[in-house]
Amino acid sequence: MISPLSLANGLTLLFALLCLWMSASQSRGGMTTLGRLALPGGFAIIAALMLLASVFETSVFHDVLWLAAFVVGSFFGRRRGWALPVRADKATGLVWLPRTIDGVLVSLLLVAAMSVDFTSALVGDVIVEPAYIAAVSALCGGFLGYRVLVIALRSIRPGGGPSELSRAS
């Protein structure tokens, strides 16, 4: 069963597009604040939670699928956050990131899932089961959310060692 087109469908697509926009600006690398760094992950998690709430015909399988997708995305996001070379300037609160494409690719996947959800609601017919779309969004939200969480923890931890910009200068 698919719900008719509603504000929730439009908002999830909007959040996915905002996630892509912010990820694209960060993919060029360079200096940014932790707040701006957290925006793509925040938008992705909001979209995932909105989709989870909008699944009407739910079952234990769908809940486990969503949770498993979130855990898998979180695992890979955590690994990616630790693998990225990050430098932090604790005096200004800025973080330097290298050029990456992983955030953009995951954001594109999120936009594709939200587009399928929006199109399904628009035509009133199920293209892909809403539970599977919610699981894809959970995977993306987990990846982007945990990636930024690890980067933030690495940049604010005490005794940052050689990763600090002030010592690298």
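The values are calculated or read from the model by the stated rules, or taken from the named source; none is laboratory data. Please read all numbers here as calculations on a predicted model, not as lab measurements. Every residue, glycine among them, receives a Cβ derived from its backbone with ideal geometry; neighbour counts consider all protein chains shown.
Of the residues that sit in the stretch 83-96 and are more than 29 Å from TYR132 (Cβ to Cβ) and among the hydrophobic types (A, V, I, L, M, F, W, C), which one is surrounded by the fewest Cβ atoms within 10 Å (Cβ to Cβ)?
Residue satisfying both the conditions and the ranking: ALA91.
For residues that are buried (at least 18 other Cβ atoms within 10 Å of the Cβ) and small (Gly, Ala, Ser), scanning just the stretch 40-64, find the one that is nearest to SER27 (Cα to Cα).
Looking at residues that are buried (at least 18 other Cβ atoms within 10 Å of the Cβ) and small (Gly, Ala, Ser), I get GLY41.
Given the conditions (1) in contact with a helix residue (DSSP H, G or I) (Cβ under 9 Å, 6 or more places away or on another chain); (2) on the phi > 0 side of the Ramachandran plot, and given that ALA53 satisfies all but one, which numbered condition is not satisfied?
(2)
Could you tell me whether the stretch 20-33 includes any residue that is more than 18 Å from GLY145 (Cα to Cα), basic (Lys, Arg) and either in contact (Cβ under 8 Å) with a residue 24 or more places away in the chain or surrounded by 15 or more Cβ atoms within 10 Å (Cβ to Cβ) (or both)?
yes
Right, GLY124: in contact (Cβ under 8 Å) with a residue 40 or more places away in the chain and surrounded by 14 or more Cβ atoms within 10 Å (Cβ to Cβ) or not?
no
Being within 18 Å of the chain's Cα centre (by Cα), within 22 Å of SER115 (Cα to Cα) and at pLDDT 90 or above narrows it down to one residue among ALA83, ALA47; which is it?
Result: ALA47 is the single residue among ALA83, ALA47 that is within 18 Å of the chain's Cα centre (by Cα), within 22 Å of SER115 (Cα to Cα) and at pLDDT 90 or above.
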